[in-house]
Structure formats: C-alpha cells, structure tokens
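To start, the structure under review is shown below, and the notes come after it.
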Amino acid sequence: MTHFLDINKTQPEALRSIIDHAIEIKNARANAPLGQKDADAPLADRVVALIFDKPSTRTRVSFDVGVRQMGGQPIVLSGKDMQLGHGETISDTAKVMSRYVDLIMIRTFEDATLLEMAESATVPIINGLTNRTHPCQIMADIMTFEEHRGSIKGKKVVWSGAGNNVFSSFVQAAGQFGFDLTFTGPEPLDPERGFLEEALRKGSNIIIERDPHLAFKGADLVVTDTWVSMHDPKTARKRRHNQLRAYQVNTELMSNAKPEALFMHCLPAHRDHEATSEVMDSPNSVIFDEAENRLHVQKAIMRHCLGV
Ligand code: CP
C-alpha cells in the first residue's frame, strides 16, 4: 500500500520522482491541443474520496479537478456529514470506504485520525492537512521553487512567523531535498520540537534565529503563513498579532534576502498581517504559482499512490 502521509514517510527518490513527474504532467497538458489535454486518463474507472473535516478552497478544488483531468471520479465528503462524525470508528469507516473507492484523501484535525485511517484502509490514503503537517503543500512549494530557480538543494529557505503544521512539513522536507532551513519567530510559537529533533538527528541543516533581519540574510526563498491556524482558538488572535508583528514579511525585511529571493505563502492569506500586499504582489512573489502547482503535484502524488 503506497500512502502519502508525510514527507518523512516517503523516500527521497520517490519525492524527487513525484516533483519531476508533476512538472512533466503540467507541461504536457499545457502543450496538448484542446480536446487532447486529458487523453491518457490514468484514473479511468477509479473513484477518489475527498474527505474534509476542515474548510478548504485550494485542496478541495485542486484534488477534485485533478481527479477529473485524469479521467477518474471524485466524491467530496464532509466529515461531519458522515457517520464518522456520529460515532462510527475511523477503522470501520476506512474499511467500508475501501470497498467503494480506490483512493482516499483526508483533511482532518488529529494526526491519529489519518494514521488510523491508513492502518485500516485497503486503498491508499493521502494527507490533505492535519493539525501537525501539510505535505501536499510543501511538494507544491518545492515544485514551484524549482520551476523558477532550479534545484532547491543547498538553497537557503527562511520561514518567518509561527512554527505551524506547514512549517513542520518544511522541517521534514529539508533533509529529504537537501536545503538549509532557518526558522525566525518568537519562542512561544516555536515549531514542534519532536519534528525538529528528528530532522536534526538525520543531519538536516535547520537553525532558529530570533532576529528576522539576521535570519533573512542571503535567503533564496522566504515563506510565511497565517498567524492563526484553523485549529487555533480564536482567543489566540490578539496575542499572536503582538507576538508576530516583528516577523511580518515586508519590503524592509525582504531587502536582507538575495535580490532574486522568491516569496511564498500557501494561502489563504491575511493581507498586511503576516505579509504586506507589497511583497505578496511583488515580481518575486510566486503565491499563485504555488496554488496552481497543488493541482499538478497532487496528480503526480495520486499516480504515485496508485502506481499508474
Ligand atoms: N493552502 C491550502 O491548503 O489551502 P486551503 O486551506 O484552501 O485548501
């Protein structure tokens, strides 16, 4: 069973092959004449369940469109409308769903839900975000960087803000793709210690630098995300803004990075909070390429999982 649960659970060779395949898939479709764009239909006769316990725009639409472009049929389900939200166990749900569909993508809260689903399902499971990680997003980000700047190996990636689930997937990706990673943010919002320790044990080059001006120096890529995640309590909002104000990605901080440094944000963004509109709309910003590449890279991930 080839699941796609986290960046650190997929071999580096497979991750590389997914990125390269995603770029091929994107280019092939762009160059194909109308009427021939989806001619190969690798997911013909396949049904993919897309389960959402949390809101989504990009993940929902990109997976749905990706399945359709590959000749498969998507079913979008809300966790709260399923029996899963009314007492049926995750294990029983996974076994039942496996009798109907060929692949399951799930966006949920707890990591344990994803892992239990993967343990009991007899079809591949893809992590569409949990409170702890967001591997599909980081695959799209690496694809986007490499399209614009070539190999990410040896490059300096700087994350400014809160050490959230998206950053944890960057932590896992640093070693797998061989880039250097700097986290800059306030100590109370440090990234999950266990992921950092695991990555450092494996030899990844990851540092924490509290001073954002120093952190941004020589950056090839600057990344940020919303200051308050979907699973954070609403009451955290004011405190977070005070803690993170110094880490807002603005033109002044970006001037410390290399002139060609790219800017990324997985979106949705709160403009002029975690990043200014000036940076988000600057020529070095690739935020909409990132969003588009979710589609292409997830098609490659689904094909990897199904072996088609
Ligand atoms: N970046 C991301 O996962 O977006 P959605 O929450 O809209 O899916």
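The values are calculated or read from the model by the stated rules, or taken from the named source; none is laboratory data. Fair warning: this is a prediction, and the values are worked out from it, not measured in the lab. We place every Cβ from the backbone using ideal geometry, glycine too, and count neighbours over all the protein chains shown. Each accessible area value is taken on the protein alone, full model and side chains, heavy atoms only, with ligands, DNA and RNA left out. Shrake-Rupley method; radii C 1.70, N 1.55, O 1.52, S 1.80 Å.
Mind giving me the nanometre distance, one decimal, between the label points for residue 187 and residue 151, set 7 Å out from Cα along Cα→Cβ?
3.9
Of 264, 70, 82, which is the most mobile in a GNM of the chain whose springs link Cα atoms less than 10 angstrom apart?
In the Gaussian network model the winner is 82.
I want to verify a result. In a Gaussian network model of the chain, Cα cutoff 10 Å, which of these has the top mean-square fluctuation: 259, 191, 42?
So, out of 259, 191, 42, the one fluctuating most is 259.
Relative to the longest principal axis of the chain, what angle (0 to 90°, nearest 10) does the C-alpha long axis of helix 90-100 take?
Orientation of helix 90-100: about 50 degrees from the principal axis.
What number, in percent, do you get for the relative contact order of the range 1-111 if the mean sequence gap of Cα pairs under 8 Å and at least 6 apart is divided by its residue count?
Dividing the mean separation by the residue count of the range 1-111 yields 29 percent.
List the residues, sorted by chain then number, that are 5 or more residues from residue 262 or on another chain and whose placed amide H is less than 5 Å from its amide H.
221, 222
Using a Gaussian network model of the chain whose springs link C-alpha atoms within less than 10 Å, name the residue from 26, 234, 153 with the highest mean-square fluctuation.
Its mean-square fluctuation being the largest, the pick is 234.
Residues of the chain: accessible area per residue at 1.4 Å, in Å²? Kindly include the intermediate steps, with their values, before the conclusion.
Details: 13210 Å² over 308 residues.
About 43 Å² of surface per residue is accessible.
Where does helix 135-149 land angle-wise versus the long Cα axis of the chain, in degrees 0 to 90, nearest 10?
Here the helix axis deviates by roughly 60 degrees.
Just the number, please: carbon plus sulfur as a percent of the accessible area of the range 1-72, 1.4 Å probe, no ligands or DNA/RNA counted.
Summing carbon and sulfur atoms, their accessible area is 49 percent of the total for the range 1-72.
I'd like the FRET efficiency for residue 39 and residue 96, computed as 1/(1 + (r/R0)^6) with the beta carbon distance as r and R0 of 30 Å, rounded to 0.05. Before the final figure, lay out each step's value.
On the way: r = 34 Å, r/R0 = 1.13.
The computed FRET efficiency comes out at 0.35.
How long is the gain from residue 308 to residue 255 if the chain were fully straight, where each residue apart is worth 0.36 nm and the alpha carbon distance is subtracted?
14.6 nm
Run down the lysines and flag those whose C-alpha is under 25 Å from the C-alpha of residue 37, throwing out any fewer than 8 positions away in its chain.
Answer for residue 37, where 25 Å is the Cα cut-off: 26, 299, listed by chain and number.
So what is the 222 nm mean residue ellipticity for the chain from helices alone, if each DSSP H run of at least 4 adds -39500 (n - 2.57) and you divide by all residues, rounding to the nearest 500 deg cm²/dmol?
Values: 12 runs with 132 residues, N = 308.
Rounded to the nearest 500, the figure is -13000 deg cm²/dmol.
So who's got an amide H within less than 5 Å of the one on residue 72, skipping anything under 5 residues away but keeping other chains? H placed 1.01 Å off N, in plane.
43
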